[in-house]
Amino acid sequence: MQFHEILTKLLESKKITAYQISKDTGISQTAIGKWKKGEQYPTADKLKLLADYLVVTTDYLLTGEEPISKTTTIEIPKPLLTENEEEILKLFSQLTERQQLKLIIKAEDMVEENQKSNSQENVG
């Protein structure tokens, strides 16, 4: 199947018009019409924009291979945290970005003081 056939079939199946795409993405209706007729092909940036809008891969638009859902997520296992670490993260996420930066600086100072204290104990 060629690009224009894939695009036309996809738009029909999703019940999406060139007007809707144009309104939502800024791609001109004229360009979309030419793509659907097979008169032109989209540039790479427009192809990506179209694929994202239609929730398919660019590969699917170009080859007709089954689309991969954009909503598929890969679950990454969380590192095991202590209760204290979980509590700190919970509280940290409730701060503004500015407050978070201040807290990071304070924590870095505390770590530095701790390292100095430990190195003095090891020397003495």
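The values are calculated or read from the model by the stated rules, or taken from the named source; none is laboratory data. Small disclaimer: the values here were computed from a predicted structure and weren't measured. Note that each Cβ is placed from the backbone with ideal geometry, even for glycine, and that neighbours are counted across all protein chains shown. The area values use the complete protein model at the heavy-atom level, side chains included, leaving out ligands, DNA and RNA. Shrake-Rupley method; radii C 1.70, N 1.55, O 1.52, S 1.80 Å.
For this structure, a couple of remarks:
- Helical contribution to [θ] at 222 nm, DSSP H n ≥ 4, -39,500 (n - 2.57), averaged over the chain, rounded to 500: -21000 deg cm²/dmol
- Structure-derived mean projected area of the Cα convex hull in nm²: which label, when the choices are [x] 13.7; [y] 8.7; [z] 9.3: [x]
- Cross-link pairs beyond the 30 Å C-alpha cut-off, checked among K48/K102; K14/K90; K9/K46; K46/K90; K23/K90: K48/K102; K14/K90; K46/K90; K23/K90
- Our summary gives the chain a relative contact order of 21 percent, counting only alpha carbon pairs under 8 angstrom and 6 or more residues apart.
- Rolling a 1.4 Å probe over the heavy atoms of the protein chains gives the chain an accessible area of 81 Å² per residue.
- Rel. contact order, % - alpha carbon contacts under 8 angstrom, at least six apart, the range 1-66: 43
- Across the range 45-55, coupling constants 3J(HN,Hα) worked out from phi with the 6.51/-1.76/1.60 Karplus curve, θ = phi - 60°, read 5, 6, 4, 5, 4, 5, 4, 4, 5, 8, 6 Hz, and Gly and Pro carry x.
- Projected label distance in nm at L62 and T82, using a 7 Å step from Cα toward the beta-carbon: 5.1
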